[in-house]
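First the structure, in the form of structure tokens, and then the observations on it.
Nothing in this text is a laboratory measurement; each read-out follows from the coordinates by a stated rule. Source: prediction; values computed, not measured. Heads up, the Cβs are rebuilt from the backbone with ideal geometry, glycines too, and the neighbour counts pull from every protein chain shown.
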Amino acid sequence: MSVIKKLVTSVALASAMFASPTMAQEDVRIALVVKALGIGFFEAANEGAQEAAAELGNVEIIYTGPTDTTAEGQIEVINALIAQQVDAIAISSNDTDALVPALKRAMQRGITVLSWDSGVAPEGRQLHLNPSSNPLIGNMIIKLAADHLPDGGEVALLSATTTSTNQNIWMEEMNKVMGNYPGIEVVATVYGDDLADKSYREATGLMQTYPDLDAIIAPTSVGIVAAAQAVVDAGKVGQVNVTGLGLPSEMAGAIESGASKSFAIWNPIDLGYSATMLAYELSQNGAEAAPGAEIPMGRMGTLTLDENNEGAMADPFVYDAGNIDEFKSIF
Amino acid sequence: MTDATTARNIPDRMNSRAVRIFKSWEALLLAVAITIFVVNSFASPYFLDAWNLSDATFNFTEKAMIAFAMALLIIAGEIDLSVASIIALASTAMGLAMQHGAGTPELVTIGLIVGLLCGAFNGFFVTVLGLPSIVVTIGTMSLFRGISYIILGDDSFRGYPSSFAWFGQGYIYWVFTVEMLFFVIIAVAYAVLLHKTNFGRAVYAIGNNPTGAMFSGIRVQRIKFILFLLTGLMSGIAAICLTSRLGSTRPSIASGMELEVVTMVVLGGVNILGGSGTIPGVVIAAFVMGLVTFGLGLLNVPGLVMSIFIGLLLIGVIALPRLWTMAAERRKE
């Protein structure tokens, strides 16, 4: 067993690892860092980022992330990106606080840092891109029901728990805009506790108590699926429309059966697209991330920042029979 | 039967010291490390930068601290799979103390004590009750992290005192981090302990033949208990460094780290069945793993592919010498 042989084999072993080519240097390099690789939602976000890159022309997207959804894994990724002197990092974080020291260092070395989807504490990023905002969601859930009730009608809410912060805020925001939807009456609010069986029973109860019910609005991904099933089982498809917030993969059946005409949730493609556009604006066009600033993000319009340098991208995206097949395999 | 023994090639003298070192596991590993370093330098223009290399050391320093203690434990024929969970529990305890106003010295003390207590807990079940360590520590792996989840749930502790950041974010001089200093001190301490003391000889003896060791007057259970204590202590130190580096505690902290630590130990040439292995081997293995992950990271190789490389590296480095030996024996016949 000669030493030469050892060396030759080691070299072969090691060089096999570095087969990937080095990238062109003149491009603007924007890193899209996700919670973990291999998740459909983030793969779709990458698709959006690639779309933005193609539109901008001279942008290279580095789509990366750890194997598991850990902060330590993301820090290793961030360190490698700092070392490469990328132009911008757009991250969906696994931990609001643990990434701050690493991202601060990135900013000190002149890298643009923004968070999207899942945020980083304000000191660790320049801005945060929320997929939507509470007022927009509150408006969307009632609009989804009202769009199919041109002559008005009775609707009921199926929420998560009485103490679910998000759902309560959204319903509060919804109540504020009820004046814009004349003829629509909210007859009841019930709570399914985000449990499939309890949500199912509550939805069934609603249909028995209010025989003229036209729509059930469930601003929770558990409740909306259970309510759609309850409507199918009660034979009320076509009479009661189930809508609210849900995941395309779980709601594809309800759309197909007609129990749900449409529902909404964020669109990951738009999110990746907007994050890339914002990163480009901040790092290349001198856009300033400050409270009140309006930053353009291509086809998605502009992002207006609040006092925490956070902004909402858009209305939740509406899914119906026309696009559900495209998205049900994504997330 | 007698033919077989006489046919064996018996050398008339031992190989010289230089030849033995040249042919050793550590030499092979060092060659791999140097190769990876050279290949990395060519593959990425960013690799040969003092600050970047300094950042890269964070990929392995904390794991390596535990790996040294784990190496001794594995040489003695035991294993501790709860190390990452000990980090979670120690970090949670420090977070709780911080919320009640503890300063940096208290936080460090608490981290070390929780580590020691967890080690003692494992050690008690293995040495006093005589249970297999792999079973006990799979249990405590869930237990320790479970306690963290009960205390923290979906929440996190943050707002550690700024002086606490020194451990995981501080620099001694230029690019040399505080964690590197710890790494070097701990490596030297364990090298001396394993290779230069009676304690170290006893660890090898236990790993090769626990019964024989006992009849030779070695206090087997007591030494094993100390090894579990040391592993707990090192996990406590790693918890201090990691918590300081992250600046926050979540119950998922360091999840999956136990397997990376064991990988590092085995890659370092420690026999997973016990009885042999060296500290220098583990040191080089730490560098190999750190350099590979950082080098691949610079090329933006996805994490999934990276773990495939680490797996291949481990199997390759372990299998190749064995294959050569078999091939060489066949040629002689």
Prolate/oblate/rounded call for segment A:173-300, Cα gyration tensor, a/c under 1.5 rounded: prolate
Please find the FRET efficiency linking B:GLU106 to A:ASP212, where r is the Cβ-Cβ separation and R0 is fixed at 60 Å, and quote it to the nearest 0.05. 0.35
For the Cα atoms of chain A, what angle does the longest principal axis make with the long axis of helix A:221-233, in degrees from 0 to 90, nearest 10? 40 degrees
Can you give the Rg to Rh ratio of segment A:46-195, both from alpha-carbon atoms, with Rh computed by the Kirkwood formula? 1.13
Among A:SER199, A:GLN84, A:GLY138, which residue has its Cα positioned farthest towards the positive end of the charge dipole of chain A, with +1 placed on the Cβ of Lys and Arg, -1 on the Cβ of Asp and Glu, and the dipole taken about the Cα centre? A:GLN84
Under a point spin-label approximation (7 Å from Cα along Cα-to-Cβ), what is the B:ALA327-A:GLU185 distance to one decimal in nm? 8.6 nm
Simple label model, 7 Å out from Cα along Cβ direction - B:ARG219 to A:ASN285, nm: 7.4 nm
Quick check: the angle from helix A:3-17's long axis to the longest principal axis of chain A, C-alpha only, nearest 10 degrees? 40 degrees
Cα pair distances in chain B, grouped into 20 Å bins until the bin that holds the longest one, percent each: 29, 56, 14, 1
Normalise the Debye intensity by I(0) for the protein assembly as shown, one equal point scatterer per Cα, no solvent, then take log10 at q = 0.05, 0.09, 0.12 Å⁻¹ and round to two decimals. -0.31, -0.87, -1.25
Nearest 10, in degrees from 0 to 90: the angle of helix A:248-257 to the longest Cα principal axis of chain A is 30 degrees
Given GluC sites (Glu not before Pro), DSSP loops and at most 13 other Cβ atoms within 10 Å, the longest exposed-site-free stretch of chain A is A:27-287
Peptide-level mean, for B:35-41, of C-beta atoms on other protein chains within 10 Å: 4
Segment B:56-300, dipole about Cα centre (Lys/Arg Cβ +1, Asp/Glu Cβ -1), debye to the nearest 20: 440 debye
Hydropathy first: keep DSSP H helices in chain B averaging at least -0.5 on Kyte-Doolittle, then drop any whose Cα extent along the axis falls short of 30 Å, and list what survives. B:220-246, B:303-332
Ranked by Cβ crowding within 10 angstrom, fewest neighbours first, how are B:THR57, A:THR69, A:THR304 ordered? A:THR304, A:THR69, B:THR57
Under the Karplus relation 6.51 cos²θ - 1.76 cosθ + 1.60, θ = phi - 60°, what is the ordered set of whole-Hz ³J(HN,Hα) values for segment A:150-165, x standing for Gly and Pro? x, 9, x, x, 9, 10, 10, 9, 10, 9, 7, 9, 5, 9, 5, 4
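Extension gain A:GLU326-A:VAL177, at 0.36 nm per residue separation less the Cα-Cα distance, in nm?
Gain in length upon complete extension: 50.5 nm.
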Could you tell me which of A:THR304, A:LEU114, A:GLN208 has its Cα farthest along the dipole of chain A towards the positive end, charges placed at Cβ (Lys, Arg +1; Asp, Glu -1), taken about the Cα centre? A:LEU114
Tell me the mean residue ellipticity at 222 nm calculated for chain B from its helices only (DSSP H runs of n ≥ 4, each -39500 (n - 2.57), averaged over every residue, nearest 500). -23500 deg cm²/dmol
Would you mind computing Rg(Cα) / (2.2 N^0.38 Å) for chain A, counting N as its residues? 1.17
How big is the charge dipole of the protein assembly as shown about its Cα centre, in debye rounded to the nearest 20, if each Lys and Arg gets +1 on its Cβ and each Asp and Glu gets -1 on its Cβ? 4420 debye
Per DSSP H run of n ≥ 4, the term is -39500 (n - 2.57); total these for chain A, divide by its residue number, and report the mean residue ellipticity at 222 nm rounded to 500 deg cm²/dmol. -13000 deg cm²/dmol
Over the protein assembly as shown, what is the percentage of antiparallel beta bridges among all DSSP beta bridges, to the nearest 5? 25 percent
